[in-house]
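The values are calculated or read from the model by the stated rules, or taken from the named source; none is laboratory data. Please read these numbers as outputs of a predicted model, since none were measured by experiment. Every residue, glycine among them, receives a Cβ derived from its backbone with ideal geometry; neighbour counts consider all protein chains shown. When the accessible area is computed, the model is the full protein with side chains, heavy atoms only, and any ligands, DNA or RNA have been set aside. Shrake-Rupley method; radii C 1.70, N 1.55, O 1.52, S 1.80 Å.
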Amino acid sequence: MINKDYLGNLNEPQKEAVLHLDGPLLIVAGAGSGKTKVLTSRIANIIKEKKAFPNQILAVTFTNKAAKEMQNRVSNILGSAAIGLSWLGTFHSICAKLLRKHASAANLNSNFTIIDTDDQIRLIKNICKAENVDIKQLSPRFILAIIDRWKNKGYYPSEVIINKKDIYEKTILPLYRIYQQKLIDLNSCDFGDLILHTVEILEKFSDIREIYSKNFKYILVDEYQDTNFIQSKWLNLLSEKNKNICCVGDDDQSIYSWRGAEIKNFLEFDQVYENTKVIRLEQNYRSSQNILSVASNLIANNKNRVGKTLTTTMEEGDLVQLNCFKNGKDEAIGVSDEIEKKIKKKFSYNNVAILVRAIFQTREFEERFLKIGMPYRILGGTKFYERAEIKDCVAYLRLIHQEKDDLSFERIVNNPKRAIGDSTLKNIHEFAKENNLNLERASNKMLEQNHIKPKAKIGLSLFINSLNKWRNDLKIKKSNHVKLLQIVLDESGYSAMLKNKKDLDNENRLENIKELLSAMKEFDNLESFLEHVSLATSVDQEWQGEKVNMMTMHAAKGLEFEVVFLPGWEEGLFPHQKSIEEKGQKGLEEERRLAYVGITRAKQKAIISFSMNRFYQGDWIDSMASRFIDELPEQNLEKNSFFDDEVSNEEDFEFNQDFEVEEGTRSPGWIRYQKRIK
């Protein structure tokens, strides 16, 4: 039975979006405006009004979770009538279904295998080995990222035009040709192929295209701002006959260009589809008015947007807090104090989130929370001292500190690669057991007795000699523990491994190691630092109960919390310098959208903060307030007392009065604050 009240709890714009059934429709859905409710109610209305049978409706989402939620909601409205919704799913699942029906058109059998990331990496490694491509210099993950980028743009190997500015594409294109042929030979597809092959079939075979474009009387798409070129093209081909395509999204939340998302799909929708109806959902059901006013004022500085003004029926709420701290450590203390003294009296830890721009920023908060015993979890990431590169660094230091640490020896003896394979390590283990020795002593003995194969012997000898040299640096030369790690990273080749290898994750790894070096400065010696790490990593990971949430702003999209802390709003960190350098104005606007996403995760309280100094790569650096802070409306802000006590005092903070700012590239930061406060 159909629930006849499905229209009763909709506001007027939502109802208009549900009832408008003819022609292309773009729903500009602001944060927290009930877009999922609109999509599911629209599906129900199409079926109720007998505009189409369930199997004539194509509803597309980006995640299985979103697809399942939509299916459940439609089922709650339609009851048994929702059973026929066989074309509700993700882009990839629906394309897989289409491709299996017409596999022969893509030179595949219908029982083709969809390979996962691990299989892709293994295949690329084999190809690189056969083609003499050094995966130490060009990682398989990076190669696959470039291939995926080409597929997102709709390019088969024969269609790729190499970007002459990219020195890697010339090497990767031949690998793409071999990789693609191997997939066909193996009767396999990767995820990119599912859409790429389907689009090619629809373009090449007009009879197949006509079957589906005629069958799909209504097409609905969620999170349209996150679509890439090939997804947009696929939708365009399928909507060719009926033109009843409804896309829902928010251009102000388009933050995934690094995944291939193209915001122009959203901005140019009405140019691609004639007679487009645009409906704005501007009623927010999540946040207080002060939070919305701050977010709206900030995002209004972006030029490339459809535009909307969010309002709420909720109370004005608390002013958005803007806090300035002397340094990053004080910022972590300030956040934890706020949670302990004020927030936890009103809210559960589970309803509190700390959203950062870069994952390395969690370290100072983790240190502070561990110190005071405040429970936390990292969502969409790994706790700082559990990250692989951090564990590698700590393993080097532990082994230098005491040679009996066999676990550390195992972890780093061939990291970076020293030609010490599993068989060599197995032999060392057996020799150590037979002679009651630790692994390092056993290795020494085996080298002396010439029990190590020639190739491994060179690497193992170098490693053992390096360990002795580093211990000498620590004990005889009295190198401090921070300097020691820098020496180890350089002389072991670990730094070079990360810097020289073209890998998408290496930049984050390097940032994390720089943060580790900063953390080590807080300890008097190596022993006290290692003890701290041991205690930090011994916390029970399965500790039940409430926990404060930490994550990046990218990982927070789609989530909501009663209280949100947004630390580190400083130039170079947020907006991120790399984003601006690589993408210019487009990069800056995406960073601003990321700020908008961060603020609109908050329901009742949003607390933004920045610090005057950051400890970075072993040195204190002066920070400038993010240009985004200059764009926040004064009337909706509450500044902490530090502004009045410290910033207005010229003796406490010096700045260059002659500092010149190139318009649109750098923020005057503190100079504006000085003028504003005076």
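Here are some notes:
- Residues whose amide H comes within less than 5 Å of that of TYR376, counting only those at least five positions distant or on another chain, are VAL548 (H built at 1.01 Å from N in the peptide plane).
- The modelled label-to-label distance between SER206 and LYS164, using points 7 Å beyond Cα along the C-beta direction, is 3.9 nm.
- Within the accessible area of the chain (1.4 Å probe), percent carbon and sulfur: 47
- Remark: the range 492-498, residue by residue, has Karplus-estimated 3J(HN,Hα) of 7, x, 5, 4, 4, 4, 6 Hz, where x stands for each Gly or Pro and the curve is 6.51 cos²θ - 1.76 cosθ + 1.60 at θ = phi - 60°.
- The chain: relative contact order as a whole-number percent, Cα under 8 Å and 6+ apart: 17
- Per residue, in Å², the accessible surface of the range 344-462 once ligands and nucleic acids are set aside, probe 1.4 Å: 49
- In this structure, ASN107 and LYS303 have a Cβ-Cβ separation that, at R0 = 45 Å, corresponds to a calculated FRET efficiency of about 0.50.
- Per residue accessible area of the range 547-625, 1.4 Å probe, in Å²: 31
- Between amide H atoms placed 1.01 Å from N, distances below 5 Å from ARG387 occur with no residue 5 or more places distant or on a separate chain.
- DSSP beta bridges in the chain [antiparallel fraction, %, rounded to 5]: 10
- Here the simple spin-label model places points 7 Å from the Cα toward Cβ, and for ILE114 and LYS129 these points are separated by 2.8 nm.
- Distance between modelled label sites at GLN137 and GLU491, nm, 7 Å Cα→Cβ extension: 2.8
- Cα centroids of the range 194-269 and the range 99-176: 23 Å apart.
- Distance from the range 480-515 to the range 285-342 (C-alpha centre basis), Å: 36
- Relative contact order of the range 564-618, pairs being alpha-carbon contacts under 8 Å that are 6 or more residues apart, as %: 53
- Sequence-distant residues sharing a close amide H with TYR156 (under 5 Å, placed H): none
- Heavy-atom accessible area per residue - the range 70-207, 1.4 Å, Å²: 51
- Within the chain, helix-based [θ] at 222 nm, where runs of 4 or more DSSP H residues each add -39,500 (n - 2.57), nearest 500: -14500 deg cm²/dmol
- Theoretical FRET efficiency, 1/(1+(r/R0)^6), r = Cβ-Cβ of ARG259 and LYS433, R0 51 Å, to 0.05: 0.55
- Applied to the range 345-352, the Karplus parametrisation 6.51 cos²θ - 1.76 cosθ + 1.60 on θ = phi - 60° returns per-residue 3J(HN,Hα) values of 6, 10, 10, 5, 3, 4, 9, 10 Hz, with x for Gly and Pro.
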